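See structure below.
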Amino acid sequence: MKPVSALLCLAAALVSTSCFTGKSAQASTVTPEQSFKAADLDGDGKVSRAEYDSYLIGEMFARYDKDKDSVITEKEFVSNGGTKEGFYKVNTSGTGKITLHEARSSAAVKKTLAAPFKEADTNGDGQVTLAEFRISREKTLDYVR
Ligand SMILES: [Ca+2]
Ligand SMILES: [Ca+2]
Ligand SMILES: [Ca+2]
């Protein structure tokens, strides 16, 4: 199965805003350290897969939910560069509105985030350190291109 490109934009949330703004030249004001700290929920200096997913999905959700009503509509999803197919892959309830809970529990989203996490975790111990995170930033950018 081919990954849904719109969902790959979630992975870009950590490293770039280009997927969402369409302006790749626009530099992000968020440093890798800041992103890493935000992702490391328990503050142990490592980002686990669960923390990684949680952070990226939260970021993605905030970006897609333009009107901040805590749901992503099909219109919001598509206007952010997503596809209808991608939308209904996440919106398993078929209500036309993706909730944060739905996004977090989406198998499609988790599946999409497996590859960038694996790339980031260069020594394969299931945790991403800041050093690994720094290296992976560039790789993730390549991945989502
Ligand atoms: Ca952690
Ligand atoms: Ca909304
Ligand atoms: Ca690691």
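Each value in this text was obtained by applying a stated rule to the coordinates, not by laboratory testing. Computed from a predicted structure; not experimentally measured. For neighbour counting, all protein chains shown are included, and Cβ atoms are generated from backbone atoms with ideal geometry for every residue, glycine included.
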remark   = Expected sort for 115-126, 54-65 on mean C-beta neighbours within 10 Å, highest first, is 54-65, 115-126
ask   = Hey, rough spin-label estimate for Glu85 and Lys118, points 7 angstrom out along Cα→Cβ, what's it come to in nanometres?
value = 2.1
message = Using 30 Å as the Cα-Cα cut-off, could you pick out the over-long pairs in Lys66/Lys110; Lys37/Lys84; Lys46/Lys84; Lys66/Lys89; Lys46/Lys111?
response = Lys37/Lys84; Lys46/Lys84
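May I ask you to derive the FRET efficiency for Lys37 and Ser105 from their Cβ-Cβ distance with R0 = 30 Å, giving the value to the nearest 0.05?
Numbers: r = 25 Å, r/R0 = 0.84.
Computed FRET efficiency for Lys37 and Ser105: 0.75.
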query = Between Thr92 and Asp67, what length comes free when the chain is fully extended (0.36 nm per residue of separation minus the Cα-Cα distance, one decimal in nm)?
reply = 6.8 nm
note = Computed over the range 65-110, the convex hull of the Cα set has an average projected area, in nm², of 2.9
ask   = Based on the alpha-carbon gyration tensor of the range 32-145, what equivalent-ellipsoid semi-axes (square roots of 5 times the eigenvalues) come out, in whole Å, largest first?
value = 27, 14, 13
key: Virtual spin-label span in nm between Asp44 and Ile135, 7 Å along Cα→Cβ   = 2.1
